[in-house]
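Structure first, commentary second.
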Amino acid sequence: MSDCHTPSSSQAPVVQAAAGIPTIALAGQPNMGKSTLFNLLTGLNQHVGNWPGKTIEKKEGLFKHDGREYHLVDLPGTYSLTANSPEEVIAREYILRQLPDLVLAVVSAANLERSLYLVSELAALPCRLVIALNMVDVASQEGIDVDVEKLSAAVGVPVIPLVATHARGVDSLLQAIRMELQSSVIEKRSMPEIRSDHRQVQSDLEAWIRPYLPPEYPPAWCALKLLEGDAEMRGLVRGAVPADTSKQVEGLLLKHDDAFLAIASGRYAWIESILRSAVHGQKAGQISITDRIDRYATHPVSGLAILAGILGLVFWLTFTIGSPIQNALAKGVVAPLAAWAGTLLAGVPFWLRGLVVDGLIGGVGSVLTFLPILMIFFGAFSLLEDVGYMARAAYVMDNFMHWMGLHGKSFLPLFLGFGCNVPAVLGTRTIESRQARLLTIILAPLVPCTARMAVLAFLTPAFFGPNAVIVSWGLILFSLILLVVAGVILNRVIFKGERSAFVMELPLYHTPNLRTTGMLVWQRSLSFIKKAGTTILGISMVVWALSILPNGNVETSFLASVGRILEPIGRWMGLDWRLTVALLTSFMAKENSIATLGVLFGGLTQAGLAQTISTSYSASTGLAFLTVSLLFIPCAATVAVIRQETGSWRWTFLNIGLMLALSVGIASGVYAIASGMGV
Amino acid sequence: MDSISNTSLADLHTGEQATIASLGRGSGIQGRLTALGFTPGARLTVIQNYGHGPLVVALRGARVALGRSEAGAIQVLPLPA
C-alpha cells in the first residue's frame, strides 16, 4: 500500500500556522495561473518543501489581508482527483485528511469547459469552495464572455473574476474568501450526476464498503472512485474490508469496468449545462494567436528549427552575459577579497590564513561566481515554461525521442539537466510510465549541467586557447550524441524496446509573469548558495586540510597519497595525482574540481590558475580530463535524488557504474588517440 | 460501440472534425484521457496531423497533443465538413 496512508501524511505543515489562522488550499489544473496567484499572495513569505514521504514539491506560505492572517497551501496541479499519478492522491488526501478551512479552485475563463472538470470533482468533497476565475483578460480577447453571477449560481459557490498576472481582482477574491470563512454552513451546491444506468451500482458499492472506511472518507465518493478504476482507492478498500466483501466488490467492478466513461461523461454533461447558461460568444472560427504561432512552432520542420534557435539563444544568453559577469566577479571580487584577507591575516598562523584564503575564499568564492550563469539559465527556462512554449518543445521532440523508446515528455527534464541534473531527475515525475521514467533518469547525468560547463568554460581556454569554443561545443555535442546512443542501446537491452503513451496539453501562449520567473530564480539561487555554503564549503575545507597535513607540503600530503594510490587509473587518461584528486572531489559537487585545483596549485587567482595548469599539462591530458569530467559519475546531490526517485539502490548503482565505465573508458580512448596523434 | 466506427483518430486529416466513439482498451491512459475531455460523444477538431509522429487535436476548448499510437486506439465518427 502506498505510503500516503501512513500516519506520516498527517504531519504538521512546515510553515507553522498559529492556531486560529485559517488554512486555504489552492487547487487547479496545470496552466491555470495557480503558481502566479500563489506567488502574488505570499510573495517571499513562502516555504518550499516536499509532501511527506513524497518527492513532489510542496509550497506553502502566509499572507495578510485586512489585518487577518492566512495560511496558503499550494496543492499539486492536477486535471482530476482520480489517482492517475501521485499528485492527484496528494491533492485529495490533503483535502480529506487535513481539512483545510477552504479550497480555492483556480480555473481559466479562456478554457472553462476543461478547467471546470476539477471543480466538478472538488464540488463533491466536504469542503468550503471558492472559484477564482482567472485569465478573464485572455478570454475577452478570444471573444469569450463569462457571466460570473450565473456561473456562481449554477455551481452554487462564490466565483471571483481575476487577472492574476496583473494582480487584478485579488482584493475582491480575498473579501469573498473572508465572507465564505465566516459562514457556518456549506451552501448546497449543484453536483454532477452519474449516468442513471450506473446509479444503482454506485449505491450498492457504497453500502458494502461504508462500515469499513476510515471516517474522513465519504462512502459515496469512495464508491465513485472505485467505479472510476482508481487503483489507489481499490488498494485502500481491499485492505479495509473483509475478504468476502472484497470479492463482491471486485466482481461488481469487473462487470462495470466501463463505468469510468459514464462518470466522466456525467461530469462533462454537468459542465456543459453550466456553460450553456453562463458563457456567451464562443469564438466563431477566428484563428487565435496560439494557432497562428503553432502553425510554425509545432511544424515538424520549422518547429525543430525554432526549438534549435531558442535553445541556442538560451545558451548564448547564458554564456555571453553570464560568463563576463562570472569573470568580473572572479577578478573583481574574489581575487581582491583573497588578497585583502591575506594581508589582514598576515599575523595569524599559516594554516588559518590558508584555510580562509585558499579553502574558504578560493574554493567557495570561485564556485559562487557561477551563480549568474545559473540564474540566467533557469530564468530563461522558467520564462519559456511560463509562456507555454515548453509543451511545444516536447511535442516537436517526440519523434526524435522515440528512437530511445521515450516520448516528448522526457525531453523537458533532460533539457532542464543543462541547468542542473537534480531538477532534471525530479522533473521526470511528469512521465507516467515507470520504464520511460527510469530510462530518462539514467540518461539525465549525460546532460552536461552548468557546473560541468563552468568547469569546461574555465579549463578549455587554458588548454586550447583560441580553439576553446570549438572544443567546448565539440565536447558538449559529443556527450549528447553519447546520450542518444546510450538511450537506444539501454532501451533495446534493458527495456526490450517498449514505449509509453504520450498525452499532453498544449496550453495557450500568454505573456510571461516576471514574478513567477523571479521566484523560481530566487529559489534555485538560494539552494545553490546553500550548497556552496555546506557541501562545497565542507569539501573545500577537507581538501585543503588534507593538502597541507601532515607537514604543510602539498607534494607529501595525505591528499597526494590518495591521489598517488589512484594515479595508475588516472594514468590511463594521462592524469597525474592532482587531476585525479580533482576528479574525485567533483563527486561531491562538479564545481569542486576547479576549487580543488585552486587549492592544489596554491591559492592562485583564477587567471593565474588557468595559466599554471596550461603550462603543467599537455593538450591531450587536458582533453582527456575535460572528457572524464564531463562524463564522470553524477554528483552526490544527483545520486541522492536518483536513489530517491528510482526507489532502488540497484538502479542507482547501475547508473553510477554506467557513468564510471563510460567516462574512464572514453577518456582513456581520447587520451590514447590524442597523444598518438601528438597533440 | 466499436462496431459503429472503424475510423481511428490517427486516420483523420488536419482540419477534420469528428466525435469520439470509444477510447479503446488496455492502453492504461483512459483515466488521463477522460480528465482531458476525451469522452464518448465529445467533438474534436484535428489541428495537426502530418501522417507521422504525434498529432494535435482541439477539444473542449483546449489543445491536446497525443502520440500516434495513442490516437490510433481512439475510434471516432467523422463529421461532414
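The values are calculated or read from the model by the stated rules, or taken from the named source; none is laboratory data. Please read all numbers here as calculations on a predicted model, not as lab measurements. Here the Cβ is made from the backbone with ideal geometry for all residues, glycine too, and neighbour counts use every protein chain on show. These accessible areas exclude ligands, DNA and RNA; they are computed on the full protein's heavy atoms, side chains included. Shrake-Rupley method; radii C 1.70, N 1.55, O 1.52, S 1.80 Å.
Brief remarks on what is shown
Results for (1) at pLDDT 90 or above; (2) β-branched (Val, Ile, Thr), shown as yes or no for each residue.
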| site | (1), (2) |
| --- | --- |
| A:Ser115 | yes, no |
| A:Ser120 | yes, no |
| A:Gly143 | no, no |
| A:Val185 | no, yes |
| A:Asp204 | yes, no |
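- Taking the criterion of being away from chain B (no Cβ under 14 Å) and touching a Phe, Trp or Tyr at 6+ places or on another chain (Cβ under 6 Å), the only residue of the stretch A:406-437 that qualifies is A:Gly419.
- Just one of (1) more than 21 Å from the chain's Cα centre (by Cα); (2) polar (S, T, N, Q); (3) surrounded by fewer than 22 Cβ atoms within 10 Å (Cβ to Cβ) fails for A:Thr430. It is (1).
- Taken as a whole, the structure leaves A:Val333 outside the set of residues that are within 33 Å of the chain's Cα centre (by Cα) and open to solvent by less than 30 Å² (accessible area, probe 1.4 Å).
- Residue pairs meeting the criteria (Cβ under 7 Å; at least 6 apart or on separate chains; first at positive phi, in the stretch A:148-172; second open to solvent by 60 Å² or more (accessible area, probe 1.4 Å) and in a loop (DSSP other than H, G, I, E, B)): A:Gly156/A:Glu187; A:Gly156/A:Lys188
- Flag for A:Leu261 being open to solvent by less than 50 Å² (accessible area, probe 1.4 Å), within 30 Å of B:Gly51 (Cα to Cα), within 12 Å of chain B (Cβ to nearest Cβ) and outside any loop (DSSP other than H, G, I, E, B): yes
- Of the listed requirements (1) crowded, with 20+ Cβ neighbours inside 10 Å; (2) more than 14 Å from every other protein chain (Cβ to nearest Cβ), A:Trp351 misses just one: (1).
- In the condition set (1) over 22 Å from A:Ser525 (Cα atoms); (2) open to solvent by 20 Å² or more (accessible area, probe 1.4 Å); (3) part of a helix (DSSP H, G or I), A:Leu317 is compliant with all but (1).
- Annotation: of all residues in the stretch A:67-104 being open to solvent by less than 20 Å² (accessible area, probe 1.4 Å) and of a type in the set (D, E, K, R), the one that is farthest from the other protein chains (Cβ to nearest Cβ) is A:Asp74.
- Inspection of the stretch B:3-19 identifies no residue that is open to solvent by 40 Å² or more (accessible area, probe 1.4 Å), closer than 23 Å to A:Lys409 by Cα and at pLDDT below 90.
- For the stretch A:579-590, a residue qualifies if it is assigned to a helix (DSSP H, G or I) and either among the aliphatic types (A, V, I, L, M) or free of Cβ contacts under 8 Å to residues at least 24 places away in the same chain (or both), and the qualifying residues are A:Leu579, A:Thr580, A:Val581, A:Ala582, A:Leu583, A:Leu584.
- Of the criteria (1) within 29 Å of B:Leu33 (Cα to Cα); (2) open to solvent by less than 10 Å² (accessible area, probe 1.4 Å), which one A:Glu57 fails: (2)
- Strands (runs of 3 or more DSSP E) enclosed by the stretch B:6-81 - at least 2 residues per element that are more than 11 Å from chain A (Cβ to nearest Cβ): B:17-22, B:43-48, B:75-78
- Taking the criterion of being open to solvent by 60 Å² or more (accessible area, probe 1.4 Å) and touching a residue at least 24 places away in the same chain (Cβ under 8 Å), the residues of the stretch A:196-242 that qualify are A:Asp197, A:Trp208, A:Tyr212, A:Glu216, A:Ala231, A:Gly239.
- Just one of (1) within 20 Å of A:Pro512 (Cα to Cα); (2) open to solvent by 10 Å² or more (accessible area, probe 1.4 Å) fails for A:Arg392. It is (2).
- One residue from A:Phe411, A:Phe400, A:Phe370, A:Phe418 being closer than 20 Å to A:Pro30 by Cα, open to solvent by 10 Å² or more (accessible area, probe 1.4 Å) and not hydroxyl-bearing (Ser, Thr, Tyr): A:Phe411
- Residue within the stretch A:105-124 that is open to solvent by 10 Å² or more (accessible area, probe 1.4 Å) and either away from chain B (no Cβ under 14 Å) or within 24 Å of A:Glu232 (Cβ to Cβ) (or both) present: yes
- Residue identified as open to solvent by less than 50 Å² (accessible area, probe 1.4 Å), within 14 Å of another protein chain (Cβ to nearest Cβ) and within 29 Å of the chain's Cα centre (by Cα) among A:Ser323, A:Ser288, A:Ser302: A:Ser302
- Within the stretch A:602-660, the set of residues being among the β-branched types (Val, Ile, Thr), at pLDDT 90 or above and closer than 19 Å to A:Leu482 by Cα comprises A:Thr627, A:Val628, A:Ile656.
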